Amino acid sequence: MKKELQEILTQISETKDPDQIQDLIESALEIDSHDPVVLLLAAEFSHDPYERLSLLDHSIRHLEHHLHEDGYFEENEDDDNDIHPIENILAKSVELRFNTFMDLNYYHQAMHEYIQLLSLNEDTPYADERAMIACLYTGHTELAQEIYEGYEVAPFSVSFPYAISLYNEGEETEAIGLFENLLDFVPSLKGFIGQLVHGETPMPQTEEDYAVLNVLFQTASMTPVAFIEIAHPHHH
């Protein structure tokens, strides 16, 4: 990487001023508009999701080109499983694309990026929870099961979409069992469902409450009536 670029990247990492960061990124792009690190940074600081995707697209194409040139995709036997620095940037770029597609509710594209992430063997701890929502909307049931079974005790944000997924697959008994379990273990769940059914605004108290509500909102259009009936039997 060019020396001037490295100096700019150091300045970016040392400043907190968003305007200055934007100016520095623009200067870096003027020096080299193809540098994957610069493109990734520009994407991270971009406020426009479509611009972000276009920068990431550009970055990923160049990364893959460099990796091909380095013979990375051929069998690298002499490697002691060292992660290639470019591979690290590639994983970060793919993860940002995944998150951007999720923000836009482009679930099919998000799924594609998530599968890429899995193949890069990068540990993306919070991608799973978003990926579950994408699996639910795109009908990727096998992948949903794989993610769910990867946990000893899956968090609500993974279990709840998985329960809906099972229900949609016709595994009603298992799905309802899982949902009833969640009602026992997630204290705020029953109340929140009741409030949402009545069109009231739930008031989250804890971080866990926010997480639970977030999942309920994201899955609202898919939640089976059977779940709502169990959580909130109709009073006549």
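Here H34 clears all of (1) in contact with a His (Cβ under 6 Å, 6 or more places away or on another chain); (2) part of a helix (DSSP H, G or I); (3) surrounded by fewer than 15 Cβ atoms within 10 Å (Cβ to Cβ) except the condition numbered (2).
In the set L96, L104, L136, only one residue is open to solvent by less than 90 Å² (accessible area, probe 1.4 Å), modelled with pLDDT of 75 or more and under 9 Å from the mean Cα position of the chain (by Cα); that residue is L96. So how many residues does the range 169-180 have that are touching a helix residue (DSSP H, G or I) at 6+ places or on another chain (Cβ under 8 Å), open to solvent by 30 Å² or more (accessible area, probe 1.4 Å) and part of a helix (DSSP H, G or I)? So the count comes out to 4.
The values are calculated or read from the model by the stated rules, or taken from the named source; none is laboratory data. Note that the structure is predicted; figures quoted are calculated from it, not measured. Here Cβ is always computed from backbone atoms with ideal geometry, including for glycine, and neighbour counts include all displayed protein chains. Heads up: the accessible areas ignore ligands, DNA and RNA and are worked out on the full protein's heavy atoms, side chains in. Shrake-Rupley method; radii C 1.70, N 1.55, O 1.52, S 1.80 Å.
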